[in-house]
1. Among 193-202, 357-366, 90-99, 109-118, what's the highest-first ranking by average C-beta atoms within 10 angstrom per residue?
2. Once amide H atoms are built 1.01 Å from N in the peptide plane, which residues 5 or more positions from Thr23, or in another chain, come under 5 Å H to H?
3. Stretched out fully, how many nm does the piece from Lys225 to Thr282 gain, at 0.36 nm a residue minus the Cα gap?
4. If Met261, Met378, Met210 are ordered by their accessible area, calculated over protein heavy atoms with a 1.4 Å probe, which sequence runs from highest to lowest?
5. Ordering Phe333, Phe153 by accessible area with a probe of 1.4 Å, largest first, what comes out?
6. Rounded if a/c is under 1.5, else prolate if a/b beats b/c, else oblate: with a ≥ b ≥ c from the C-alpha gyration tensor eigenvalues square-rooted, which is the range 9-201?
7. Residue by residue, what Karplus-based ³J(HN,Hα) values in Hz, rounded to whole numbers, does the range 391-403 have, using 6.51, -1.76 and 1.60 with θ = phi - 60° and x for Gly and Pro?
8. Sorted by accessible area with a 1.4 angstrom probe, largest first, how do Thr314, Thr230 fall?
Amino acid sequence: MHTISKIHPISFIKGMSTALELTNKGISKHHLETAIISYSIAQQLQLSQTSLQTLLYAALLHDIGAASNWEEKHLIMHNDHQDSIFNHAESGYRILKDCRHLNVLSIPIRYHHDRIAGGNPSGLRGQDIPLLSRIIHIADRIDVLIDANDHIFNQRNKILDYISDSNIFDIDLIKVVKHLAKTESFWLDIVNSSYQNEFLSDLDFLGKLMFNNDELIEIAEVFSKIVDETSPYTASHSKNVAVVSSSLAKIYGYNDEEIKMFYLAGLLHDLGKLAVPNEILTIPGKLTEKEFDLIKQHPYYSFRILKQIEGFTTIATWVSQHHELLDASGYPFGLKNDKISLGARIITVADIFCALSEDRPYRNGLSVEQILQTMTMMALENKIDSKLVNYICLNADMILNLITKKVIPPFLKKQC
Ligand SMILES: [Fe+2]
Ligand SMILES: [Fe+2]
Ligand SMILES: [Fe+2]
């Protein structure tokens, strides 16, 4: 197994940004395109490398506050002037302000819809609004105005008209955009997928800063909370799965770095649920086939997002298989027996244990006896790994204690 040593932040942030792009029809590119436009503007302003880095990371995550709420997701992608547009900016600030590796992004994100003439809930106006927020604001609105069904050149005038409102946008930035708008390349770079692909790989900023496993865990915890907030029934599901999978990995004899990978995988295993509308996740009964089809997308998207992060191949594989069953009746690949990795089997049993212990819209959380009975039956039916179920049975009280009393396993205490 390849353990993770160090990962460049842009690789991880880009992956997490893609998670924010999930819709029920696939992956959009709003954050990426906003980052590309912001970058073009910032180059004209000759920002320092440090500011440029903060700007791009903030642009890549700017709508993080809307990710778990589909009503908000819809609102921000439609160009209206409702005051509720500020809600997700404030939520984004709150989500990021206490994460020591991302808190530098919280301020630019907090004010990214503030209008230059004032009247904002923040009370800020004019040059008091941080420059990076002003850049993301104009870049964001340019991108929202682009109609993917029409050629970008046909839309230039309509977009320039809209962003010329000096009550909303910074007059200096309007001038910069109007200057950039004279070149075809400015417009083509926003929508050309081959440039989009190379855009982030070309950025090196400060070069040396790298995240280790402990730092990745802290950032992944932010995203796991966003995923868990998509439904009131999963309030701490991802964290629970992280705790139980890493505890099982410890019992199984994995080393410390591998155990941390299980913790990371647990935190991120349901990342693809950001593609499933809130109302599907809270239906109080049996789902229709169509509704269940939407749920079945989530391990696929978790996999595709994590796979693009350098060093995450093993984690991505485990996560991709966490709904596969040994008799090939699982999803999304329909894998059978030894085609399902041991790492995935560990996450699967941890996921089932946690899910059964938690309330769901259609039932209350089960008792430990009921959980073990259900899991033993699944092992007998060749659905899940019987050896792992045996470990669960032998350590059930300890495992339940970890999740109900929010006990941090000793081997993880350092970074949590
Ligand atoms: Fe926004
Ligand atoms: Fe946006
Ligand atoms: Fe899942």
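1. Going from most to least packed, we get 109-118, 90-99, 357-366, 193-202.
2. Those lying under 5 Å, H to H, from Thr23 are Ser28.
3. Taking 0.36 nm per residue and subtracting the Cα distance, the gain is 18.8 nm.
4. Largest accessible area first, the residues go Met210, Met378, Met261.
5. These residues rank, largest area first, as Phe333, Phe153.
6. rounded
7. Couplings: 4, 4, 4, 5, 10, 4, 5, 4, 5, 5, 4, 4, 8 Hz.
8. Output order, biggest surface exposure first: Thr314, Thr230.
The values are calculated or read from the model by the stated rules, or taken from the named source; none is laboratory data. Worth saying up front: this structure is predicted, and the values here are computed from it rather than measured. Here the Cβ is made from the backbone with ideal geometry for all residues, glycine too, and neighbour counts use every protein chain on show. What goes into the accessible areas is simple: the full protein's heavy atoms, side chains included, and nothing from ligands, DNA or RNA. Shrake-Rupley method; radii C 1.70, N 1.55, O 1.52, S 1.80 Å.
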